[in-house]
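To start, the structure itself, in structure tokens.
Here, each number is a calculation from the coordinates, and none is a lab measurement. The model shown is predicted, which means the values in this text are computed figures rather than measured ones. No Cβ is skipped: glycine too gets one built from the backbone with ideal geometry, and neighbour counts run over all protein chains shown.
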Amino acid sequence: MCGFPDYGIGACADALAPAVRDDRVGMKALILVDMLEDFVHGALANPRVEAILDPLQRLLVYARSAGWVIVYSNDAHEPGDPELSIWGEHAMAGTPGAEVIRELEPRPNERELLCPKRAYGAFDGTGLDAQLRALGVDEVVLAGQHTHICVRHTAYGALVRGYAITVARDAVCAFEGVDEEDALGYLQDVYGARIATVAELTHERASSGLVRGRRPSAPISARRRGVLRR
Ligand code: ZN
């Protein structure tokens, strides 16, 4: 179980963890970001979630069957958390809005972790790095929402701690009005993330009819080459 965030000295020490590690054994962790009631049906409801639910479920089933570590990185806010001044109250700790949606119901155990957070990134003061390190994880597979906010900050946290990063492109979404390709392109260009479909990640065949929506990852880099922003 991850701990609640500590924005004091401990957070500074965590941020300075070495990026080069020698304890890797090739384990993957699927990090499901903010698939919570308030982000699907409540205060910050996002209609785009509907399109990613099926891929998310398939990815979760696969991850469990493949023995990956699974992390539910869940907002669990307390009054006064800095980002509440931007978004208003959402996913307050202990409320129904902070519960994982039933379609992705957790099965907590030593390899399926509920990891509450009080800021955007899954690594921000949560102790997640130490948990993953202890389990031999060297690659994180990111899914959930939002591509341009919490998924992005989680990707940054993974990068500076030395993890390889994969983003499940049809299992993440941003807010309506945000360009998904731009959001994914940023992750690829700035954090070196591999962008792959759930079908690719679960070794399904493209011809099976299970691949829908977005195109494979290669065109993002080609289209965005030389047009980095920020
Ligand atoms: Zn939040």
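What the phi angles of the range 120-134 give under the Karplus curve with 6.51, -1.76 and 1.60, with θ = phi - 60°, is a coupling list of 5, x, 5, 9, 6, x, 9, x, 5, 4, 5, 4, 5, 4, 5 Hz, glycine and proline written as x.
Using the Cβ-Cβ distance between Glu103 and Val178 with R0 set to 25 Å, the FRET efficiency works out to roughly 0.65. Using alpha-carbon pairs under 8 Å, 6+ residues apart, how would you state the relative contact order of the range 31-225 in percent? Over the range 31-225, the number comes to 22 percent. Amide H contacts for Val172 (H built 1.01 Å from N in the peptide plane; partners 5 or more residues away or on another chain; cut-off under 5 Å): Gly144.
Ordered from longest to shortest, the equivalent ellipsoid semi-axes for the range 31-225 are 24, 19, 18 Å, each the square root of 5 times a Cα gyration tensor eigenvalue. For the peptides 66-73, 39-46, residues were scored by their other Cβ atoms within 10 Å and the scores averaged per peptide; the highest-first order is 66-73, 39-46.
Working ranking of peptides 110-118, 124-132 by packing, defined as the average number of other Cβ atoms within 10 Å per residue, highest first, is 124-132, 110-118. Under the convention that each Lys and Arg Cβ holds +1 and each Asp and Glu Cβ holds -1, the size of the dipole of the range 31-225 around its Cα centre is about 820 debye.
Residues in the range 172-179 carry Karplus couplings, in order, of 10, 8, 9, 5, 4, x, 9, 6 Hz; the curve used is 6.51 cos²θ - 1.76 cosθ + 1.60 with θ = phi - 60°, and Gly or Pro positions show x.
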